[in-house]
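The structure under discussion appears below in the form of structure tokens.
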Amino acid sequence: MLALKATIECSNNANEEVNIWSDNESSFQALKSFHVKSKIIQEAQMILLGNARIRLGWVKAQIGIKGNEIADILAKEATTDGIPASLPIPKLPSRRTNYCSSSFSLLLYSIIPKISNKQLHWSRECTQFATGHGLFPSYLKRFCLHSTDYCGCGEIGNPLHYATRCPLTLSYHHKESSPQFIVNWWKSALSIKLSRQNTDNLITFLATNEDLIKS
Ligand SMILES: [Zn+2]
């Protein structure tokens, strides 16, 4: 997972579309989960949520795929010739533990101040909006369900775009936030009932006007 996260971080600085291939299925499963407590995974998720140009793909191991075989050889060499690295020791989950240490967890922590089994009662639409896992070109493109991650208006079609900038969804806009207040923006959008209703309406609009948002 650490190697995959390092690759994601490196790709985030590339300022271009990057496809990352790996045979590590368990890491992909962890990245897809919204309930992980690992700081490493949360930070990788945060990068992926904010950068639709990074795409992940799984390849079967040990069937002779050249790039995958080379990666295996390099990984084995690194165990003998590489620079020693230290891994953070996982902590047992407890209240507030390991939960507000990355941007992504800070966002979650600001919305859910205590870890509890209490349901958030978010609608399906709000969950899609918060996770980015919905009918957004930025999400669909990763799974080849959309030809591009651009909205019909010409900008990257992610949840923030539709909630604040897209001229096609003007009726559902929230006030745009400056980057330093983005956590507060998400907190308001997901914790105030009227904002959540507005978000529900936005996601419903996107679902019923899919052709309109496609570029
Ligand atoms: Zn748009």
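The values are calculated or read from the model by the stated rules, or taken from the named source; none is laboratory data. Being a predicted model, the structure only gives us computed values, none of them experimental. With ideal geometry, Cβ positions are generated from the backbone for all residues, glycine too; neighbour counts draw on all protein chains shown.
Quick one: is LEU194 part of a helix (DSSP H, G or I), within 11 Å of the ligand (Cβ to nearest atom) and surrounded by fewer than 19 Cβ atoms within 10 Å (Cβ to Cβ)? Spell out the reasoning first.
Values: part of a helix (DSSP H, G or I): yes; within 11 Å of the ligand (Cβ to nearest atom): no; surrounded by fewer than 19 Cβ atoms within 10 Å (Cβ to Cβ): yes.
No: the conditions fail for LEU194.
Here are some conditions: (1) exposed (fewer than 14 other Cβ atoms within 10 Å of the Cβ); (2) hydroxyl-bearing (Ser, Thr, Tyr); (3) modelled with pLDDT of 75 or more. SER33 meets all but one. Which one does it not meet?
The number of the failed condition is (3).
Does ALA6 satisfy the criteria of being surrounded by 17 or more Cβ atoms within 10 Å (Cβ to Cβ), at pLDDT 80 or above and assigned to a helix (DSSP H, G or I)?
Numbers: surrounded by 17 or more Cβ atoms within 10 Å (Cβ to Cβ): no; at pLDDT 80 or above: yes; assigned to a helix (DSSP H, G or I): yes.
Criteria not met by ALA6.
So, in region 9-30, exactly how many residues are surrounded by 16 or more Cβ atoms within 10 Å (Cβ to Cβ) and free of Cβ contacts under 8 Å to residues at least 12 places away in the same chain?
0
Please work out which residue is surrounded by the most Cβ atoms within 10 Å (Cβ to Cβ), limiting yourself to region 135-172 and to residues that are part of a loop (DSSP other than H, G, I, E, B) and away from the ligand (no atom under 11 Å from the Cβ).
Residue satisfying both the conditions and the ranking: ASP149.
Select, from ILE89, ILE73, ILE54, the only residue that is away from the ligand (no atom under 16 Å from the Cβ), at pLDDT below 55 and not acidic (Asp, Glu).
Result: ILE89 is the single residue among ILE89, ILE73, ILE54 that is away from the ligand (no atom under 16 Å from the Cβ), at pLDDT below 55 and not acidic (Asp, Glu).
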